[in-house]
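The structure appears right after this line, and notes come after that.
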């Protein structure tokens, strides 16, 4: 007990899911600590329990053994201080962009902010993600990238201590994704909140993260390796493309995924995982169609 | 600009006249042909059916009877007007003689016309339907949100759903007679009986569809609700209700259709002065025009049922947030 309390800490986390054939151990002995303001990516093959880790931090799942502490308090239920950006935006389709953010803001600041202050705060967050021009549009009237922006604005508007992102850009095309990654880096620099992001994209992980947590394959998945990304910020994707250090990090992640944690050929999931791992050979020219990337991989 | 568009339209027509013509055919001519064929078969078929009340009414006879019904309605209205005029004059005279005389205004007690009966039926069905919806939607939400409650109530719903109104009616009649006792009742007993029967039979589709709609909320939206820590009420209002709206409306439209069908049977037996009673009275009356008049009622019942469904569709379009969905 001599160490200072950590910002966010997962200690010896096991989780079992009940199945008809007895409990299925998804995670075993996961130990992770996160510092304040740190950007951490979780990477690994499909089914390795990345989302499960995120859901435990979010409070949507309860660890069977071990636990999660945020600033010394145990996490055992979901809450707005651990805002989640969901993979498929999860906006309420019957509300406009503004109203979607408003729902979150009213819930968090309903007592502490006046009406005008809330209005200003909603507009501020929407303009952070450059969505102030389409505040009154409903989700079905805007593009996938714009929906994800609103999802991020909604999460930011809760003023979370930790922002949890579950493959936030997975469903977007490469150009839009690059754009949002830049926006995210900018916002995170300004707000300096802790971000935990799940990704399948090696380039995205290296570009955005301070640390990359690489997970072993399930069942009973755990932390395989942690890679510190020591690249100066602000990071520029064009400049980094020729940076040997950057390519070295990329190489390390790829080695982990394809050599150390290669999925056995017998596994029916092999096809799916290789398709999901989008590894572009060259980042300087992001290809507009994600399908092409899949073929390249 | 408009010139150009007109020209475009015209040139498109000249370039492809058959395309336009065939579309016109499909949208107008073909339903018309169907209708004419139906009328022809009806006319021929009706002539060959001889009942104890004469020949089965064909389209012509039904048209004649519908005019009769309108006439009767107008005559009855005139009588009513005349009655009130006479009464007013009488009262005025009375007042002239003795200024402080107590004046009685008696309501007109003529028999209800066909159109009055349509009105009664509409009021009864809407009251019954609204009562059923007010029970079914909240109950459906509660049952849909809780799988244990759903498991508990589902067998009961399945049991009562197929029960015919005619089976309920004797029970409802007896219960209403026993429970609804008052010296100056606000509603007639026959009205209450019909209304409750309608509600009992029509609440199941709404209840079931609401429950299914509510239990089918996407996991993502539930997670959003949890992360935001919405309380139960906000969760229901902001997330559950809007996402279940399409299913609720499917249920409501089925319910209204059933309510209208049940109503006619209920009115026949409960003697509520609506369309059902009209049909029953004409049947008991047994004059040579009875079958024609019943046939008018049949067509009107069909038409009103159709219009009620259109009204619900219109309401659904108003309420639905998903403007891209095709509603029909």
Inset, instruction - Return the tail of the calculated pair distribution for chain B, meaning the percent of Cα-Cα pairs more than 24 Å apart. - result: 70
Inset, instruction - Could you work out the mean count of beta carbons from other protein chains within 10 Å of each residue's beta carbon in A:101-107? - result: 3
Legend entry - Candidates A:112, A:183, A:51: whichever shows maximal mean-square fluctuation once chain A is modelled as a Gaussian network with Cα springs under 10 Å: A:112
Inset, instruction - Could you work out, residue by residue across A:87-97, how many beta carbons of other chains sit within 10 Å of that residue's beta carbon, and then give the average as an integer? - result: 4
Inset, instruction - Give the relative contact order (percent, whole number) for region B:107-247; include only Cα pairs under 8 Å separated by 6+ residues. - result: 35
Inset, instruction - Using only Cα atoms, figure out Rg for region B:221-328 and give it as a multiple of 2.2 N^0.38 Å. - result: 1.62
Inset, instruction - Assign one of three labels to region B:36-139, namely rounded, prolate or oblate, based on the Cα gyration tensor with a ≥ b ≥ c the square roots of its eigenvalues; rounded applies when a/c is under 1.5, prolate when it is not and a/b is larger than b/c, and oblate otherwise. - result: oblate
Inset, instruction - Give me the number: length gained by fully extending residue B:60 to residue B:72, i.e. 0.36 nm times residue separation minus the C-alpha to C-alpha distance, one decimal in nm. - result: 2.5 nm
Inset, instruction - State the antiparallel share, in %, of DSSP beta bridges confined to the protein assembly as shown, rounding to the nearest 5. - result: 50
Inset, instruction - State whether region A:120-194 is rounded, prolate or oblate according to the following rule on the C-alpha gyration tensor (a ≥ b ≥ c being the square roots of its eigenvalues): a/c under 1.5 gives rounded; otherwise a/b larger than b/c gives prolate, and the remaining case gives oblate. - result: oblate
Legend entry - Residue-averaged 222 nm ellipticity for chain B, from DSSP H runs of 4+ at -39500 (n - 2.57), nearest 500: -26000 deg cm²/dmol
Legend entry - Over region A:169-261, relative contact order from alpha-carbon pairs under 8 Å, at least 6 apart, %: 22
Legend entry - Alpha-carbon centroids, region B:32-99 and region A:123-148: separation in whole Å: 61
Inset, instruction - Could you work out the mean projected area of the convex hull around the alpha carbons of the protein assembly as shown, in square nanometres to one decimal? - result: 48.5
Legend entry - Residue with peak Gaussian network fluctuation, chain B [Cα springs, cutoff 10 Å], from B:37, B:61, B:211: B:37
Inset, instruction - Find the percent of Cα-Cα distances in chain A that exceed 27 Å, and round it to a whole number. - result: 43
Legend entry - Value at 222 nm in deg cm²/dmol, rounded to 500, when DSSP H runs of n ≥ 4 in chain A each add -39,500 (n - 2.57): -10500 deg cm²/dmol
Legend entry - Isotropic mean projected area of the C-alpha convex hull, region B:176-221 (nm²): 4.8
Inset, instruction - Could you bin all the Cα-Cα distances of region B:73-188 into 10 Å bins starting at 0 and give me the percent of pairs in each, rounded to whole numbers? - result: 10, 20, 25, 19, 12, 9, 5, 1
Inset, instruction - Only Cα pairs under 8 Å and at least 6 apart count here; give the relative contact order of chain B as a rounded whole percent. - result: 21
Inset, instruction - Please compute P(r) over all alpha-carbon pairs of region A:23-76, binned at 5 Å starting from zero, and give each bin as a whole-number percent. - result: 4, 16, 28, 30, 16, 5, 1, 0
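Computed from the coordinates by the stated procedures, all read-outs in this text should not be read as laboratory data. Bear in mind the structure is a predicted one, so any value in this text is a computation, not a measurement. No Cβ is skipped: glycine too gets one built from the backbone with ideal geometry, and neighbour counts run over all protein chains shown.
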